[in-house]
Amino acid sequence: MLQRFLDPATLASISKLDLIAKTVVDGFVAGLHRSPDFGFSQEFAEYRAYTPGDDLRHVDWSVYARSERLYLKRFRGETNSQMSVLIDASNSMSFSSGKVSKIDYARFAAASLFYLANAQRDASGLIVFDDEVRNYIQPSTRQGQLHRLLHGVEHAEPRQRSDYAKPFVHLMEFLKRRGMVVVLSDFYGDPETIIRAIQPLRFRGNDVVLFHVLDSRELDPQINDPVILIDLETQDSLEVSPDYARREYRGKISAHIDALREKAKGSGMDYYLMRTDKPLDGALREYLSIRQGRL
């Protein structure tokens, strides 16, 4: 039943980003079957049943709303975790073959990660970029931080072209301590150049995750007649035949994805392909299961 509510098109019909994030995270957590580490931080330990005298501030009321049973979230201690999320807001991220564009999917994912980090008391920050850094919110746990982050995510509008060097130089300049860095992008660029721009964050001991956000039609174009395609960032045009789309293009996009995945892996980064037609909670859950399998 949760999957029905977490269909990307259904998420797009919800007007408030905080409600989208809560919906995704509740479904995500419910699907983990009380995993001892349900988030990307390693601070959360487990759920345990409430007993009289326990501090009600630690009750998970979302679990109570579903089960009518009181459970407390137990932590391993004060958190030292920090997460920075970078959203690519270049023009190519505006593409959509359905109801959810790539930038919308990236917004939903970022908001959900911030909501989850806030629940785990982790410091979170945001960078929105295209060929410049358009918004930077320094990682923090101060009051109102979640609201600031969601406001920043909501106003991430596609424009200009991608420049992967500038946001990471900016982040390294202001990042005070090691943590997790999550990048949400369609990664249209040379894989080697992209990974080279991000590598210094790994050298400094940060945990880097690349979420590759692509539309289903970018992976499997449905072209039955010759068409002229326009590049959203350069405005260059290209005439494409159905045969080219079926054969050469699919080989090229597969090679691009494979190269990005392998170069990320070779640099100690996590890579995960996110399709905008797939439920977001399922994508997060699948990624986490892969990640936990390596820990």
- Item | Flag if LEU260 is modelled with pLDDT of 75 or more and assigned to a strand (DSSP E or B) | no
- Item | Contacts under 7 angstrom Cβ, first residue in the stretch 142-163 being within 13 Å of SER185 (Cα to Cα), partner modelled with pLDDT of 95 or more and among the acidic types (Asp, Glu), 6 or more apart | SER162/ASP88
- Note on the structure: The correct count of residues that are of a type in the set (Gly, Ala, Ser) and on the phi > 0 side of the Ramachandran plot in the stretch 139-164 is 1
- Message: Go through the stretch 190-203 and report how many residues are free of Cβ contacts under 8 Å to residues at least 40 places away in the same chain and either surrounded by fewer than 18 Cβ atoms within 10 Å (Cβ to Cβ) or more than 22 Å from ALA106 (Cα to Cα) (or both).
- Response: 6
- Limited to the stretch 99-148, what total is found for residues that are hydrophobic (A, V, I, L, M, F, W, C), in contact with a Pro (Cβ under 7 Å, 6 or more places away or on another chain) and farther than 16 Å from MET180 by Cβ? 4
- Would you confirm whether any residue within the stretch 103-122 is without any contact (Cβ under 8 Å) to a residue 40 or more places away in the chain, among the polar types (S, T, N, Q) and touching a helix residue (DSSP H, G or I) at 6+ places or on another chain (Cβ under 6 Å)? yes
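The values are calculated or read from the model by the stated rules, or taken from the named source; none is laboratory data. All figures in this text were calculated on a predicted structure; none of them were measured in a lab. Cβ sites come from the backbone with ideal geometry, for glycine too, and all protein chains shown count toward neighbours.
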